[in-house]
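Have a look at the structure below, then the notes.
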Amino acid sequence: MTPAEVADVVGASSLSELCWVDQAGRPQARGVVALVLEDRPALAFTYADEPLAREVARSERVVLVLSETRSTGRAFRPVLVAGRPRLVEDPTGELYVSDLVVQELRRYPPSRLLADSPLLMREHWWYLPRLVVEIDVDSVEPLPPRDKTHDHVLVVADGATPVVRLAGVRDRTADRLDLSVDGPAVPPGAAVLFGQDASFPDLEQWSQWRYRGQCDGSALVIEEEPARTGLGPTPGLMQRWRRQRELKRRCVEAIPRP
């Protein structure tokens with residue numbers, strides 16, 4: 001695929017998964033809304049996620065999984081995009097406002113409460129500064145659409161490289177998950193099985209969960225597991241207010257002072 005074609009697919013995508021191997025050699029995965037900056041995939045982290053953004057940017061290679069078909073555009077097709085991350089710091093929010101905010105407003109509806117007008121931008125100034133991680137694409141591979149048999153992402157650490165496959169849970173016995181893995185076999189090693197779901201199309205609810213352990217290619221021996229999976233109850237007004245207040249606090253504390 002050409003850079004322009006990759007940009008079209010990313011721009012038409014919905015939620016996606018970002019996968020990498022951290023400095024300790026642990027595979028990681030995070031749900032993201034991928035944006036486009038100068039025909040390259042990009043992630044625009046708020047300063048509340050500063051440690052995460054810097055960790056991702058320090059990794060040797062990242063993989064972006066685009067296989068969620070809900071709320072996608074006509075140009076979308078399921079693909080796996082791999083490349084090298086590069087951090088662009090935007091402490092004033094100038095880059096975000098000029099190149100990225102319209103994309104985020106269109107594809108991540110909760111952002112409209114914070115940045116959908118000059119007045120809202122002024123009031124929520126702390127939401128605009130960003131840590132932008134661009135991905136210099138090395139390869140693009142086709143994927144099957146997400147379905148119930150492959151509704152998770154399996155990430156296995158092969159040195160500093162994340163090996164990524166779509167996977168589903170066929171059965172569970174005690175501390176072992178038997179997996180249905182799409183595509184070529186994965187190497188044995190430390191692994192994370194990542195899942196996410198959201199309330200479409202408003203994305204007001206967005207849940208993410210992870211199983212960690214050792215993978216032998218067809219099963220995961222669980223070392224850590226989530227307290228819950230799935231969406232959970234709809235948040236009330238006070239919960240949403242506290243969530244926004246906490247986001248503001250974390251952003252304000254991390255944004256560099258002039």
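Details
- Residue within segment 137-155 that is of a type in the set (Asp, Glu) and over 17 Å from ASP8 (Cα atoms) present: yes
- Residues that are crowded, with 20+ Cβ neighbours inside 10 Å, within 19 Å of LEU52 (Cα to Cα) and either touching a strand residue (DSSP E or B) at 6+ places or on another chain (Cβ under 8 Å) or basic (Lys, Arg) (or both) do not occur anywhere in segment 142-152.
- Qualifying strands (runs of 3 or more DSSP E) (wholly inside segment 163-258; at least 1 residues being among the hydroxyl-bearing types (Ser, Thr, Tyr) and touching a residue at least 12 places away in the same chain (Cβ under 8 Å)): 176-181, 206-215
- Exactly one residue out of ALA75, ALA12, ALA4 is farther than 21 Å from TYR108 by Cα, surrounded by fewer than 22 Cβ atoms within 10 Å (Cβ to Cβ), in contact (Cβ under 8 Å) with a residue 24 or more places away in the chain and not β-branched (Val, Ile, Thr), and it is ALA4.
- Qualifying residue in segment 153-173 (condition: buried (at least 17 other Cβ atoms within 10 Å of the Cβ) and of a type in the set (Asp, Glu)): no
- Residue in segment 44-58 that is surrounded by fewer than 23 Cβ atoms within 10 Å (Cβ to Cβ), closer than 22 Å to GLY195 by Cβ, free of Cβ contacts under 8 Å to residues at least 24 places away in the same chain and in contact with a strand residue (DSSP E or B) (Cβ under 8 Å, 6 or more places away or on another chain) present: yes
- Among (1) in contact (Cβ under 8 Å) with a residue 12 or more places away in the chain; (2) more than 16 Å from ALA191 (Cβ to Cβ); (3) more than 16 Å from the chain's Cα centre (by Cα), the one test that VAL133 misses: (3)
Coordinate-derived values only; no laboratory data. Because the structure is predicted, anything quoted here is derived from the model rather than measured. Cβ coordinates were reconstructed from backbone atoms using ideal geometry, including for glycine residues, and neighbour counts include every protein chain displayed.
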